[in-house]
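In what follows, a single structure is set out as structure tokens and then discussed.
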Amino acid sequence: MEELHEEKQGKAKKERTPMPEQPAEERIKNFSEVALGYSKEDALAEASRCLSCKDPKCVEGCPVNVDIPGFIKLVSEENFEEAIEKIKATNTLPAICGRVCPQETQCEALCVLGKKGQPVAIGRLERFCADYEREKGVKDPEAMTPTGKKVAVVGSGPAGLTAAADLAKLGHKVTIFESLHKAGGVLSYGIPEFRLPKEIVRQELEYIKKLGVEVKPNYIIGRIKTLDELCDDFDAVFLGTGAGLPNFMGIEGENLNGVYSANEFLTRVNLMKAYDPEYDTMVRHGKHVLVVGGGNVAMDAARSALRLGAEEVSIVYRRGEDEMPARREEIEHAKEEGIIFRLLTNPVHILGDEKFNVTGVECIKMELGEADKSGRRSPVPVEGSEFLVPADVVVIAIGTSPNPIIFKGSEGLEQNKRGTVVADEETGATSKCGVFAGGDVVTGAATVISAMGAGKKSAKAIDEYLKEK
Amino acid sequence: MAYKILEKEEIAPSVHRMIIDAPDIAKAAKAGQFIILRIDERGERVPLTIADFEKETGKVAIIFQEMGKSTKQLAKLSAGDFLEDFVGPLGNPADVRKLGTVILVGGGVGVAPIYPQAKAYRSAGNKVISIIGARNKDLLLLEEEMREASSELYIATDDGSKGQHGFVTDILKKILDSGEKVARVVIVGPPIMMKVGTGVASPYDVEIIVSLNSIMVDGTGMCGGCRVMVDGETKFTCIDGPEFDARKVDFVQLMNRLAMYRGEEAKAVEKYEEECRCGLH
Ligand SMILES: Cc1cc2nc3c(=O)[nH]c(=O)nc-3n(C[C@H](O)[C@H](O)[C@H](O)COP(=O)(O)OP(=O)(O)OC[C@H]3O[C@@H](n4cnc5c(N)ncnc54)[C@H](O)[C@@H]3O)c2cc1C
Ligand SMILES: Cc1cc2nc3c(=O)[nH]c(=O)nc-3n(C[C@H](O)[C@H](O)[C@H](O)COP(=O)(O)OP(=O)(O)OC[C@H]3O[C@@H](n4cnc5c(N)ncnc54)[C@H](O)[C@@H]3O)c2cc1C
Ligand code: SF4
Ligand code: SF4
Ligand code: FES
């Protein structure tokens with residue numbers, strides 16, 4: 001079958017079409033986007049690689065089941081308008097997902113072309129379609145018939161935004177409550193400009209407002225109003241409050257000046273633009289920066305520190321590169337930019353001077369032991385292998401727990417040990433009547449697309465709940 | 001989203017009181033809580049204690065001292081202007097209960113946060129002994145308000161220009177020594193004052209509470225910038241506090257962390273004042 005396709009299309013290209021990028025030596029001096037996006041020719045070339053499989057495995061790999069062969073076929077026919085419509089039928093934020101989805105473990109991981117060579121660059125094509133639409137100008141949504149029902153959405157990350165958009169399209173009156181001064185969740189405060197331009201997030205928000213959704217920033221549920229009060233005021237509530245409480249390691253010296261959680265460092269840099277001298281935001285510009293962790297958050301912190309002017313940035317991770325949870329592309333980009341990877345290494349102690357400023361980190365070498373329950377081999381310290389890494393800024397990116405304030409003053413919302421909200425996988429229904437939840441607050445730190453998927457499922461379930469109510 | 005400044009008054013040299021139209025916050029606020037404001041899109045997030053609030057009118061009062069760039073810029077705004085952001089109430093409310101006799105100690109601009117607490121402790125049925133202080137009589141805040149809110153009021157100034165010559169902590173010691181049965185001492189002010197006050201009260205059989213002012217960004221537990229050591233454990237001031245058992249607080253670390261951006265702050269003020277001279281602001 002595959003062979004046949006290749007014959008039909010003549011010499012199908014084995015290699016995927018490269019993504020035009022800012023060269024590494026340039027981009028480390030600015031915060032502009034690294035990947036520049038496909039040109040029309042690039043997109044057509046890449047689309048022609050897709051075999052339009054009858055039983056497309058790629059679709060199963062996508063958490064929201066985008067009709068991948070469908071939209072790629074439209075791209076190859078240069079029908080970009082319909083291509084984006086097809087994507088948007090299941091994915092409300094394609095400009096964002098095309099940029100930040102871990103495609104190599106999702107859609108692209110299952111693409112048949114990946115078995116022998118390189119999979120189709122599905123994410124890049126998705127981004128191309130979304131950017132094409134944005135440049136043309138997105139059509140204003142049509143007016144809905146109001147149902148008279150009111151839904152509160154708490155949190156404006158991808159889960160909340162998706163739920164709000166879908167509910168508004170069904171005619172419900174939606175209000176989003178967001179505790180920060182800007183909406184977008186991690187898309188606004190966490191993921192840096194050079195990976196996800198904030199202008200894109202802003203335009204997505206504009207679109208959602210045009211659907212009639214009201215966004216209230218500076219509004220903390222659990223402080224201004226409790227969840228219980230919200231339940232009284234609205235017909236249903238969706239919780240998309242994310243997992244934003246930073247974990248620390250509990251090692252000596254962690255409170256020294258110059259030691260940041262990734263959240264603080266990235267919030268100062270992204271949301272509050274500390275890199276722009278026109279802003280009042282303070283952040284330490286380190287010469288020698290050490291970042292602890294191996295996920296996207298660690299990569300983002302390291303690359304941001306580099307762009308703030310650091311001479312040397314290293315990432316310390318206790319397992320090997322293959323175990324790093326970050327997107328492949330981010331690891332590659334970080335390496336190209338000169339970030340040093342100290343793998344199988346763990347910090348044991350942070351050192352400081354008499355003025356309470358961090359001066360370095362004592363690390364220890366690790367080796368991989370037996371595989372644990374999750375199948376990952378767990379690292380164990382190599383005795384006597386301690387060594388010192390000088391550092392004037394240290395960023396801790398070892399994970400987060402659910403934001404805690406939402407639980408204040410409300411009753412009947414079941415949480416599990418890790419602090420996440422217990423919710424039905426299919427509907428997001430929680431133990432509290434009329435309250436649904438999805439995204440990181442349920443799963444713990446995960447991905448943009450899975451948060452969106454959860455927002456979508458909940459919107460559907462909330463709509464059904466409201467019909468019965 | 002913008003929040004209107006309804007009133008503004010300089011109540012002591014470089015200390016200002018502002019009243020903001022923020023009905024949602026006024027409705028939810030309790031003594032001991034704070035807000036975070038941002039003057040404009042490029043501004044820092046500045047935490048300030050809620051100095052007073054009126055549920056009926058939706059007014060929230062803040063009192064701030066000009067310290068660095070943000071508070072100096074804030075001081076230039078007047079009634080009718082708008083703040084870009086004003087979020088709260090943040091932090092846990094003060095643990096106000098009927099305890100018997102409570103001593104409230106406020107120094108400098110720390111008198112501002114003490115005032116709503118004095119009212120709250122009083123209406124909970126406590127005898128409220130307040131001790132307020134400042135460097136000199138011109139800098140003394142809210143004397144009349146505090147007199148009205150307290151059962152007894154004592155004043156100390158560093159230079160002796162009003163009340164007792166010396167520190168609020170001297171008066172605190174005298175009252176504790178007098179044998180009056182005191183259930184709790186609440187101290188709010190510069191960290192050094194809270195540290196000294198805690199030292200003074202520690203030997204007595206009395207609960208001591210301080211309200212900490214760590215550097216903050218979000219105020220919702222998301223950044224960890226506000227972390228403090230309490231009883232050997234890292235706590236977040238914004239969600240675990242701001243009130244803590246004073247005997248367990250590592251004040252030295254608190255003071256060290258507050259100095260985090262001192263160099264940059266000085267430069268920011270210099271740049272701002274230069275721009276002001278050039279008529280840019
Ligand atoms: C630095 C960084 C990089 C990442 N990179 C990637 C990536 O490349 N690809 C990927 O797929 N995923 C990535 N992720 C993960 C992804 O961003 C998250 O999984 C996703 O954003 C979760 O969405 P959410 O809607 O559940 O929550 P969030 O995006 O966390 O949004 C929650 C929102 O709720 C608000 N909130 C919380 N409590 C309250 C309250 N009580 N009242 C009102 N509002 C409240 C918060 O302020 C926040 O805005 C990254 C995460 C980080 C931190
Ligand atoms: C919970 C809380 C309640 C407070 N209540 C009051 C109040 O009622 N009245 C009042 O005058 N002040 C109060 N403060 C202190 C006030 O927030 C700072 O004075 C203000 O942020 C200084 O900003 P600046 O730019 O003018 O000065 P800067 O030059 O930036 O700083 C001067 C000093 O203020 C402190 N500071 C700086 N940035 C922050 C920050 N983001 N958060 C906290 N402290 C910071 C540091 O110690 C610094 O050295 C409170 C602080 C906290 C955390
Ligand atoms: S949404 Fe993400 S996983 Fe799904 S097709 Fe697009 S890039 Fe792949
Ligand atoms: S993207 Fe890959 S798996 Fe999906 S239809 Fe095309 S060739 Fe087949
Ligand atoms: S201010 Fe960010 S966690 Fe407390």
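The values are calculated or read from the model by the stated rules, or taken from the named source; none is laboratory data. Bear in mind the structure is a predicted one, so any value in this text is a computation, not a measurement. Note that we place each Cβ from the backbone using ideal geometry, even for glycine, and neighbour counts take in every protein chain shown.
Of note:
- Within region B:66-123, the set of residues being away from ligand 1 (no atom under 16 Å from the Cβ) and at positive phi comprises B:80, B:100, B:108.
- Boolean, residue A:370 is acidic (Asp, Glu) and at pLDDT 95 or above: no
- Sub-6 Å Cβ pairs linking a first residue in region A:274-296 that is within 14 Å of another protein chain (Cβ to nearest Cβ) and within 18 Å of residue B:260 (Cβ to Cβ) to a second residue that is in a loop (DSSP other than H, G, I, E, B) and of a type in the set (S, T, N, Q), at least 6 apart or interchain, are A:274/A:281, ordered by first then second residue.
- Across region A:113-153, the number of residues qualifying as within 16 Å of ligand 3 (Cβ to nearest atom), closer than 19 Å to residue A:40 by Cα and not charged (D, E, K, R) comes to 9.
- Answer from B:189, B:225 - the residue that is more than 14 Å from chain A (Cβ to nearest Cβ), among the small types (Gly, Ala, Ser) and out of contact with any Lys or Arg (no Cβ under 8 Å at 6 or more places or on another chain): B:189
- When region A:445-464 is filtered for residues that are more than 9 Å from ligand 1 (Cβ to nearest atom) and surrounded by fewer than 24 Cβ atoms within 10 Å (Cβ to Cβ), the ones remaining, listed by number, are A:453, A:456, A:457, A:460, A:461, A:463, A:464.
- Unique match (being in contact with a Lys or Arg (Cβ under 6 Å, 6 or more places away or on another chain), outside any helix (DSSP H, G or I) and not acidic (Asp, Glu)) among A:419, A:412: A:412
- Of all residues in region B:20-29, exactly one satisfies the criterion of being more than 10 Å from chain A (Cβ to nearest Cβ) and touching a residue at least 60 places away in the same chain (Cβ under 8 Å), namely B:20.
- Spans of helices (runs of 4 or more DSSP H) in region B:173-281 with at least 3 residues closer than 30 Å to residue B:155 by Cα: B:191-201, B:251-258
- Residues that are free of Cβ contacts under 8 Å to residues at least 40 places away in the same chain and closer than 18 Å to residue A:15 by Cα, drawn from region A:104-155: A:114, A:115, A:116, A:123
- Taking region A:232-262 as the range and being of a type outside the set (S, T, N, Q) and surrounded by fewer than 19 Cβ atoms within 10 Å (Cβ to Cβ) as the test, the residues that pass are A:232, A:233, A:235, A:248, A:249, A:250, A:251, A:252.
- The set of residues from region B:211-222 being aliphatic (A, V, I, L, M) and more than 8 Å from every other protein chain (Cβ to nearest Cβ) comprises B:212, B:215, B:216.
- Check on residue B:151, small (Gly, Ala, Ser), more than 16 Å from ligand 5 (Cβ to nearest atom) and closer than 26 Å to residue B:11 by Cβ: yes
- Residue A:252 away from every other protein chain (no Cβ under 11 Å), over 17 Å from the mean Cα position of the chain (by Cα) and either away from ligand 3 (no atom under 16 Å from the Cβ) or modelled with pLDDT of 95 or more (or both): yes
- Residue B:141, sole failed condition from (1) away from ligand 5 (no atom under 16 Å from the Cβ); (2) within 14 Å of chain A (Cβ to nearest Cβ); (3) assigned to a loop (DSSP other than H, G, I, E, B): (2)
- Residue A:91 meets the conditions (1) crowded, with 22+ Cβ neighbours inside 10 Å; (2) within 16 Å of ligand 4 (Cβ to nearest atom); (3) not in a loop (DSSP other than H, G, I, E, B) in every case but one. The failed one is (3).
- Looking only at region B:43-92, and only at residues there that are surrounded by 16 or more Cβ atoms within 10 Å (Cβ to Cβ), within 17 Å of the chain's Cα centre (by Cα) and part of a loop (DSSP other than H, G, I, E, B), the one that is modelled with the lowest pLDDT: B:68
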